[in-house]
1. Quickly work out the residue 95-to-residue 214 label distance, labels modelled 7 Å from Cα along the C-beta direction, and quote it in nm with one decimal.
2. Compute the longest continuous run of the chain that contains no exposed trypsin sites (Lys or Arg not before Pro); treat a site as exposed when its DSSP state is not H, G, I, E or B and it has at most 16 other Cβ atoms within 10 Å.
3. For Cα pairs less than 8 Å apart in space and 6+ apart in sequence, what is the mean separation divided by the residue count of the chain, i.e. the relative contact order in percent?
4. Fewest Cβ neighbours within 10 Å first, please rank 115, 223, 331 accordingly.
5. Calculate the dipole size of region 4-374 relative to its Cα centre from +1 charges on Lys and Arg beta carbons and -1 charges on Asp and Glu beta carbons; express the result in debye to the nearest 20.
6. According to the square roots a ≥ b ≥ c of the eigenvalues of the Cα gyration tensor, what is the shape class of the chain, taking rounded for a/c under 1.5, prolate for a/b larger than b/c otherwise, and oblate for the remainder?
7. Treating cross-link reach as a plain straight distance, find the lysines whose alpha-carbon is under 27 Å from the alpha-carbon of residue 132, omitting any fewer than eight places away in the same chain.
8. Hydropathy first: keep DSSP H helices in the chain averaging at least 1.6 on Kyte-Doolittle, then drop any whose Cα extent along the axis falls short of 18 Å, and list what survives.
Amino acid sequence: MIGGITFTFAAIFLGAALLASVALYTRQPIIIAYIALGAILGPYGSGLIDDIEIVVDAGHVGIIFLLFLLGLDMQPRALLSSLKQSSLVAVVSSAVFAGSGFGIAWAFGFSLIDCTIIGAALMFSSTIIGIKLLPTTVLHHRHLGEVLVALLLFQDLLAIIILVLIQSSVGGETNAWSLVKPLLALPVLGFFCWGLVKTVLLPLITRFDRYHEYIFLLSIGWCLGIAELAIVMGLSAEIGAFMAGVAIATSPISQYIAVSLKPLRDFFLVIFFFSVGAQFDLATLPEVALAATTLAVVMLGLKPLVYHALLRGVSESHGLAWNLGFRLGQCSEFALLIGFVAIGSGLLSGEAAVLIQATTILTLLASSYIVVLNFPTPIAISERLRRD
């Protein structure tokens, strides 16, 4: 890697500023510029940045901060109510998408295990696209935001169970406890966070709230510390960060913390989208181009329809059901993680891994266009649709 970490970040942000300017002048979604830059500068493009491990890790931090900030504005009672309402929608929709992915992969001649993992990887929607493209006022203060977050959190739990199955199947140690553990760990983590906030965090904040630098450091330490604890407990860092935010959501200081951390979140999110593009193996793409295109088109068309039908079935309005369906009409960054873990475990072929990667990136790109051009977002091209 030329010049180390300084060169890497300089190339990312100088390149991102340049391509973002082009995107804005040509009225394109700015997220596309970050992904395109990753493809251009990454190891499968020009190779200017040939070691992207640190970039991928840094990008993951952006998702953690995103979920932490989301939790800061999510009241626990509203969250529990939305989770109860959304559980059936999440389970049924995931089964439909997994079956569709399996069937299409099977039709293109992939093996049984490849088809199973492909179906499992493609059944989720992107947390980062869903939340990033939803206006803050809608996300935190309207029913649409509550339902979207509940669905994404439920999917995160399903994704963790799938990752546990993949990792444990290699050693032949799959058992009921390994699957139940994440479901039991979630309420335990929630009560632990609540207790620590009441007995330690809030007293410290109350005593030293005039020292802004201290509050900033305490917030980051709390977020990342609980994220790591969640991993130890068998959950994901994203769920841990979200729980850390929810635990202090009822405190008046939560809004100050949210405002303070937004620039840090955006810094790491640029890196995340860059890492998505940098992991795209363009050389292998022709081998799976037809299958990836077919899967992407099916998922982009099927997900809004399925979400609309299921949400209407649980008494949501027609407009909300379509809005939410299109906002969740892409594959998830969890698909990339599932593919990575599966191929590392020797369960997934290289061709199938590229198929998952290509399908995910195609749906992320297309879905970003669909949402930005048709629904209110903070980065809308049209002034009429721009909402922060």
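A short reminder: the numbers here are calculations on the coordinates, not readings from a lab. Only a predicted model underlies this, so the values are computations on that prediction, with no experimental measurement involved. Positions of Cβ are generated from backbone atoms using ideal geometry, with glycine treated the same way; all protein chains shown enter the neighbour counts.
1. 5.4 nm
2. 211-383
3. Details: 569 pairs, mean separation 113.3, N = 388.
Here the relative contact order equals 29 percent.
4. Numbers: 115 20, 223 26, 331 30.
Going from least to most buried by this count: 115, 223, 331.
5. On the way: 14 positive and 19 negative charges, 245 e Å.
Dipole magnitude for region 4-374 comes out near 1180 debye.
6. Here the chain falls in the rounded category.
7. Of all the lysines, those that pass the test against residue 132 - Cα under 27 Å, at least 8 places apart if same chain - are 84, 262, 303.
8. 4-25, 53-72, 143-171
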